[in-house]
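Inspection log for the structure reproduced underneath, given as structure tokens.
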Amino acid sequence: MNEEYDVIVLGTGLTECILSGIMSVNGKKVLHMDRNPYYGGESASITPLEDVIYDFSGQLVKMLLYTEVTRYLDFKVTEGSFVYKGGKIYKVPSTEAEALASSLMGLFEKRRFRKFLVYVANFDEKDPRTFEGIDPMKTTMREVYKKFDLGQDVIDFTGHALALYRTDDYLDQPCCETINRIKLYSESLARYGKSPYLYPLYGLGELPQGFARLSAIYGGTYMLNKPIEEIIVQNGKVIGVKSEGEIARCKQLICDPSYVKDRVEKVGQVIRVICILSHPIKNTNDANSCQIIIPQNQVNRKSDIYVCMISSAHNVAAQGKYIAIVSTTVETKEPEKEIRPALELLEPIEQKFISISDLLVPKDLGTESQIFISRTYDATTHFETTCDDIKNIYKRMTGSEFDFEEMKRKKNDIYGED
């Protein structure tokens, strides 16, 4: 413990574990500590269940989790991607064939959307011959939609369920990024089959554990169940961390907001509801797992509502049980009413666990203090904003952009895989 490290990381949430792995791969000497006796932070998957979840009446729900030991990290494709319209859910159409077969649109809208998808599939930002009169760096996405005469409902699911935007600000931005986002969705769907989404077997807690193992392979040191007594700052700059009377020195510190409450501020709240079902969600073709996005405009909101449903197919529930996680950004003083459209899709619900958490962000960039603080998880279920936060912190720490290909090459050197 009484040693000098390049980087100390506090908290084992997904953001912290990925950064810990990256820094270790880059040759940094890393010490990673957590006050909890388990990995994962807010994304932990913990067993046995008795150690974790009580509902608000104090009753245990023991049929929920498996109790096996930690396994190798593995993923499975979720079985469907759906979008909400008029109180019902529909499969997200992302191919020409799906556009023509979808009951989400009328006959003429299907043809226009199919034409749009053909354009997107052929689009290449490096080949002006594919632009068809559109300037990808100047033409806004609103103008592109107008060019193909797409209606508001189609614009809603295209922007929020295909391009995965959280607001409509993108409509007045150059269209290049949006078109590439839609291409990525379609290409991922073509690669994985039933949907573009992957979910780790045995729960989200496997993700931070996987990166923790990567860090350990490169020499990172991990200490769980370590109380953090003090973050030591000298002349405005972090120099170490005190735990159980010992001091570990460092040049840089990464941590989640819970370790530095005086250095973060609240910018909003998120409501999450974990629902236990004994049936698949209606109108999903009895999918054992799926992602549903309720675009903001469909329910007169400023924020989308997200539903992620998983089951025994991902080894997170007993046979015949399904877990649906509903989340959205809080906009009113009655947050439970805000997620009613999603809960109505899930009925009947056997048990539900409601939590409201603060959205916390660092007050500064951390470049002076060398204390780099992650943001708390927002309402999204696809982790894009988490990835953005990781890249942002990496750049602030190193002064350079994160190179995914270089990280992949180094990983392959260790694991010998693609």
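The values are calculated or read from the model by the stated rules, or taken from the named source; none is laboratory data. As the structure is a computational prediction, the values presented were derived from the model and not from experiment. We place every Cβ from the backbone using ideal geometry, glycine too, and count neighbours over all the protein chains shown.
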Inset, instruction - Those residues that are outside any strand (DSSP E or B) and closer than 26 Å to residue 302 by Cβ, I need them from the stretch 270-282; list them, please. - result: 281
Inset, instruction - Among the residues of the stretch 371-393, write down those that are farther than 13 Å from residue 260 by Cα, in contact with a strand residue (DSSP E or B) (Cβ under 9 Å, 6 or more places away or on another chain) and part of a loop (DSSP other than H, G, I, E, B). - result: 377, 378, 379, 380, 381, 382
Inset, instruction - Mind listing whichever residues of the stretch 92-114 are within 31 Å of the chain's Cα centre (by Cα) and charged (D, E, K, R)? - result: 96, 98, 110, 114
Inset, instruction - Output yes when any residue across the stretch 192-200 is out of contact with any Lys or Arg (no Cβ under 9 Å at 6 or more places or on another chain) and aliphatic (A, V, I, L, M), and no when none is. - result: no
Legend entry - Within the stretch 76-120, considering residues that are crowded, with 18+ Cβ neighbours inside 10 Å, of a type in the set (Gly, Ala, Ser) and in contact (Cβ under 8 Å) with a residue 60 or more places away in the chain, the one nearest to residue 148 (Cα to Cα): 94
Legend entry - Exclusive hit being part of a strand (DSSP E or B), at pLDDT 95 or above and touching a helix residue (DSSP H, G or I) at 6+ places or on another chain (Cβ under 7 Å), set 307, 267, 361: 307
Legend entry - In the stretch 202-225, the residues that are touching a strand residue (DSSP E or B) at 6+ places or on another chain (Cβ under 7 Å), hydrophobic (A, V, I, L, M, F, W, C) and buried (at least 19 other Cβ atoms within 10 Å of the Cβ): 207, 212
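Scan 142, 181, 191 and give me the residue that is over 30 Å from residue 108 (Cβ atoms), free of Cβ contacts under 8 Å to residues at least 60 places away in the same chain and not in a loop (DSSP other than H, G, I, E, B).
Numbers: 142 fails: over 30 Å from residue 108 (Cβ atoms); 181 fails: over 30 Å from residue 108 (Cβ atoms).
When all the criteria are applied, what remains is 191.
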Inset, instruction - Answer yes or no as to whether residue 354 is in contact with a Gly (Cβ under 9 Å, 6 or more places away or on another chain), of a type in the set (A, V, I, L, M) and either more than 30 Å from residue 237 (Cβ to Cβ) or surrounded by fewer than 19 Cβ atoms within 10 Å (Cβ to Cβ) (or both). - result: no
Legend entry - Test: residue 125 is farther than 29 Å from residue 287 by Cα, out of contact with any helix residue (DSSP H, G or I) (no Cβ under 8 Å at 6 or more places or on another chain) and surrounded by fewer than 19 Cβ atoms within 10 Å (Cβ to Cβ): no
Legend entry - Of the criteria (1) surrounded by fewer than 20 Cβ atoms within 10 Å (Cβ to Cβ); (2) outside any helix (DSSP H, G or I), which one residue 341 fails: (2)
Inset, instruction - Determine whether residue 66 is loosely packed, with under 14 Cβ neighbours inside 10 Å and modelled with pLDDT under 50. - result: no
Inset, instruction - Name the one entry in 313, 318, 324, 248 that is part of a helix (DSSP H, G or I) and either in contact with a Leu (Cβ under 8 Å, 6 or more places away or on another chain) or under 21 Å from residue 207 (Cα atoms) (or both). - result: 313
Legend entry - Long-range neighbours under 9 Å by Cβ, at least six apart or interchain, first residue on the phi > 0 side of the Ramachandran plot and surrounded by fewer than 22 Cβ atoms within 10 Å (Cβ to Cβ) within the stretch 154-173, second in a helix (DSSP H, G or I) and among the acidic types (Asp, Glu): 164/384
Legend entry - Pick from the stretch 1-59, criterion at pLDDT below 75 and polar (S, T, N, Q), ranking: nearest to residue 318 (Cα to Cα): 47
Inset, instruction - Of the numbered conditions (1) among the polar types (S, T, N, Q); (2) part of a helix (DSSP H, G or I); (3) under 16 Å from the mean Cα position of the chain (by Cα), residue 297 fails exactly one; give the number of that condition. - result: (3)
Inset, instruction - From the list 330, 267, 316, 299, pick out the single residue that is surrounded by 22 or more Cβ atoms within 10 Å (Cβ to Cβ) and in contact with a strand residue (DSSP E or B) (Cβ under 8 Å, 6 or more places away or on another chain). - result: 316
Inset, instruction - Tell me which of these residue 105 doesn't satisfy, since it passes every other one: (1) in a loop (DSSP other than H, G, I, E, B); (2) of a type outside the set (Asp, Glu); (3) at pLDDT 95 or above. - result: (3)
Inset, instruction - Would you please name the residue that is farthest from the chain's Cα centre (by Cα), looking only at residues in the stretch 310-334 that are under 29 Å from residue 296 (Cα atoms) and among the small types (Gly, Ala, Ser)? - result: 311
